[in-house]
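One structure is given below, encoded as structure tokens.
The values are calculated or read from the model by the stated rules, or taken from the named source; none is laboratory data. Computed from a predicted model, the values in this text were never measured in an experiment. Note that we place each Cβ from the backbone using ideal geometry, even for glycine, and neighbour counts take in every protein chain shown. Quick note on the areas: whole protein, heavy atoms, side chains included, nothing else; ligands and nucleic acids left out. Shrake-Rupley method; radii C 1.70, N 1.55, O 1.52, S 1.80 Å.
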Amino acid sequence: MFAEVLGWVAAIIGSSFSIPQIHRILTARTTAGLSLLMWQFMVTSGICWTTHGFLIGKPNVIAPNMFSLLCSLVVLVMIRRHRSMGFLTVWALPLAVAAVMIAVDFGWGPLVFGLGMAIPQVIGMGAQAVDIMRSLDLSGVSPVSMTLSLLIQGLWCVWGISVGEMAVIASSFLTGMSALVTLGWYLMRRLRIVGPIPVSYTHLTLPTTPY
């Protein structure tokens, strides 16, 4: 009973993750500070976890991930529009990675799938952390979404432990650690404990010979 209730609590909160981010983009009218790579992998995650939910027959995995997929698609469309990016530049990576991970789930089982899914999720969170470190403007980033992300991963980890779902345990623990680092860095930026880390470039000046 506890596991079932916890699973649906995680599902309900999980399905709301992207809503504050969509609201933030609509009100701020910018995607400044958002990581393209993170939201590409959010789409990958939504596709893969929805498929995995059907495989294991867990409605509380299927429903929130279908909704999260829809919301992540909306965010990615907004990023593409605001930054005038090409279709393949935005969509090729998440769809290709999703195809690979679904094949892994069918061929290698839930534990390998969970560990494999943690890789794009951690990379995506890491990319968002780097953007937060470097961006001068963070007005497009929703702190509510980042806080929810950390809470959601914690709930899924506890649920995974309670039902013995190894894919969820492995993925949620590793992703949760990345979410914690990303949120921590955002808070330090907003509290002005740290400033943006400048991106250094090396400029080579060739000497000119007067004629």
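Computed over the range 1-84, the convex hull of the alpha-carbon atoms projects to a mean area of 5.6 nm². Normalised by 2.2 N^0.38 Å, where N is the number of residues, the C-alpha radius of gyration of the chain stands at 1.13.
Label sites at Ala3 and Ile161, each approximated as a point 7 angstrom past Cα along Cα to Cβ, lie 1.4 nm apart. Sequentially through the range 92-100, phi angles give Karplus couplings (6.51, -1.76, 1.60; θ = phi - 60°) of 4, 4, x, 6, 5, 5, 4, 4, 5 Hz, Gly and Pro residues having no value and appearing as x.
Solvent exposure of the chain, expressed per residue, is 52 Å² of accessible area, with all protein chains present and a 1.4 angstrom probe.
Multiplying the sequence separation of Ala103 and Leu151 by 0.36 nm and subtracting their Cα-Cα distance, what value in nm do you get? Kindly include the intermediate steps, with their values, before the conclusion.
Working: separation 48, 0.36 × 48 = 17.28 nm, distance 2.88 nm.
Difference between extended and current length: 14.4 nm.
What the Cβ-Cβ distance of Thr27 and Val77 gives, at R0 = 25 Å and to the nearest 0.05, is a FRET efficiency of 0.90. What net charge do the residues around Gly7 carry, taking every other residue with its C-beta under 14 Å from that of Gly7, with Lys and Arg at +1 and Asp and Glu at -1? With Lys, Arg at +1 and Asp, Glu at -1, the net is -1. Each residue of the range 102-115 is assigned a 3J(HN,Hα), and the resulting list reads 5, 4, 4, 4, 6, x, 10, x, x, 5, 5, 4, x, 5 Hz, derived from the Karplus form 6.51 cos²θ - 1.76 cosθ + 1.60 (θ = phi - 60°), x at Gly and Pro. When the chain is modelled as a GNM with alpha-carbon springs shorter than 10 Å, which of Leu26, Leu70, Leu148 fluctuates the most? For the chain, modelled as a Gaussian network with Cα springs under 10 Å, the answer is Leu26.
Within the accessible area of the chain, the carbon and sulfur atoms contribute 72%, probe 1.4 Å, all protein chains present.
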